[in-house]
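Data first, discussion second: the structure below is written as structure tokens.
The values are calculated or read from the model by the stated rules, or taken from the named source; none is laboratory data. Computed from a predicted structure; not experimentally measured. Note: ideal-geometry Cβ built from the backbone for every residue, glycine included; neighbour counts use all protein chains shown. Just so you know, the surface numbers come from the protein's heavy atoms only, side chains and all, with ligands and any DNA or RNA stripped out. Shrake-Rupley method; radii C 1.70, N 1.55, O 1.52, S 1.80 Å.
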Amino acid sequence: MTEVEAKKQQESLQERLAQVVELLHRHKLVEHLTHRQEGAHHDLVENLVHRQNLAELQRKLDELHPADIAYILEALPLGERLSVWQLVKAERDGDILLEVSDAVRESLIADMDDHELIAAAKELGADELADLAHELPRDVVYELMESLDAQQRERVRSALSYEEDQVGALMDFEMVTIREDVSLEVVLRYLRRLKELPGHTDKLFVVDYDGMLKGVLPIKRLLVSDPERQVSEVMALDPVCFHPEEDAYDAAQAFERYDLVSAPVVDRDGKLIGRLTIDAMVDLIREEGESEVLNMAGLREEEDIFASVWKSVGNRWAWLAVNLVTAFVASRVIGLFENSIEKLVALAALMPIVAGIGGNSGNQTITMIVRAMALGQINTGNTARLLIKELGVALINGLVWGGVIGMVAGILYGSWSLAAVMTGAMTLNLLMAALMGVLIPMTLARLGRDPAMGASVMITAMTDSGGFFIFLGLATLFLL
């Protein structure tokens, strides 16, 4: 999708959201007006108007893709969200629940009774049901499992047995398998008998009679090769394969690296048990990116933008408390140099610059390090070289930009000694920011935590307190 097409798509989503909001507001306005009217036919008129507005809104929802409805639901306050949710056809509930964010899904499930949940989940495949199962009430999951056939039940249990960040939790069980000892013409006839192919089918999986994966037959090879040839002559013998215990994010990187659309998942013996598809990998990458952004800001989990005040407070308070402590430490550092600031008021105006630039530089370093760690580019062999490189960048930036702001300070306040102190403080603070920018995420990773967890908050605290101490300390030592 080009940038122009993506922009048009986004504009289209915004237009659809605006249309739904307009219909909701019109519905409320008409209801309010009919309530104020009196007369013998008041109830009849109100009922007709009510049905007409809801029917128009339902027609609009029926035209939309489940992903578009999910987008609209996420953008509506809770009351309006539930009003729209009630108008969605029951057979589409399951698909929409899979598309919405975790926080919004929680509010929708809370509004559904057990009967509605069971009806929605029955429309889903085994892998999709496994994605949703951990958020459903236990008795609903039990009843759903009882309603499945033996094969589907085993597939759901298999998917639920893996952690959510493992390949096994994301694999799809719908796939087309063929034998290697048949002709391509036989394969084509077999495909024509199927009602439809599973989504994202770009290859067929070649297995033996025991279900062991022998290779894959890309659809493009099937279509352009001589129909008389055997599958074994055309198939690819070394496909990219995954094991269910592998890290799902590593698999997503492999999909990006090798431009995969689908890939087989095999057990330790080489038996085909499922497949990964590009849509699951794209969702995983998006969720990982969102999680990283939230962690950098110190948020523990995804938050519904229309969640209750208390729930939002609970999600945000922890790192705000940490930030408050670090801000208090920074204030005490300033307090140590009150006499210096009283004697040279310029220090009060200049010290936020040192701290601010240091914080920005530290966040740049942390962002690069966290990205490199996510891509597996950092190991024990290159850590020292990476640290030296970041310190070198910080040294050059400190001397260049510290010199620029030092000259400006010297001109403004008529003191070249102050200019030298400013340059020195900027350089030292950027060096400290680079050091902390490398050490903070690596230390978090070594402790088994997410390298991005609160990293932005911690680096800002370090560069603020350290920047104030370095600048005021140098000024006290050399100027006063």
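Translational diffusion coefficient of the range 212-302 (Stokes-Einstein, Kirkwood radius from Cα pairs, 37 °C, 0.692 mPa s): 215 µm²/s. Extension gain for the segment ASP181 to VAL408, taken as residue separation times 0.36 nm less the Cα-Cα distance, is 73.8 nm to one decimal.
What percentage of the solvent-accessible surface of the chain, computed with a 1.4 Å probe over protein heavy atoms, is contributed by carbon and sulfur atoms?
On the way: 15030 of 26800 Å².
With neighbouring chains kept in place, the figure for the chain is 56 percent.
Matching the structure-derived volume of the Cα convex hull per residue in Å³ against the labelled list (1) 155; (2) 145; (3) 235 gives the label (3). Each of SER232 and ASP269 was given a label point 7 Å from its Cα along the Cα-to-Cβ line. The distance between the two points is 2.2 nm.
For the chain, the longest principal axis of the Cα atoms and the long axis of helix 150-160 meet at an angle of about 0 degrees. Computed about the Cα centre, the dipole magnitude for the chain is approximately 2040 debye when only Lys and Arg (+1) and Asp and Glu (-1) carry charge, each at its Cβ.
With a/c under 1.5 counting as rounded, go ahead and sort the range 130-179 into rounded, prolate or oblate using the C-alpha gyration tensor (a ≥ b ≥ c being the square roots of the eigenvalues; past the cut-off, prolate if a/b is larger than b/c, else oblate). Oblate is the answer for the range 130-179, as a/c is 1.5 or above yet b/c matches or exceeds a/b. Scaling the Cα radius of gyration of the range 374-450 by the globular reference 2.2 N^0.38 Å produces a ratio of 1.45. If one puts a single equal scatterer on every Cα of the range 201-265 and applies the Debye formula without solvent, what log₁₀ I(q)/I(0) results at q = 0.19, 0.20, 0.28 Å⁻¹? The Cα Debye sum returns log10 ratios of -0.79, -0.85, -1.26.
The angle between the Cα long axis of helix 248-258 and the main principal axis of the chain comes to about 80°, on a 0 to 90 degree scale. What the chain shows is 56 Å² of accessible area per residue, with the surface traced by a 1.4 Å probe over protein heavy atoms. Each residue, LEU13 and THR380, gets one label point 7 Å from its Cα in the Cβ direction; the gap between the two is 4.4 nm. On a 0 to 90 degree scale, rounded to 10, what angle separates helix 184-193 from the longest Cα axis of the chain? With both axes taken from Cα atoms, the answer is about 80 degrees.
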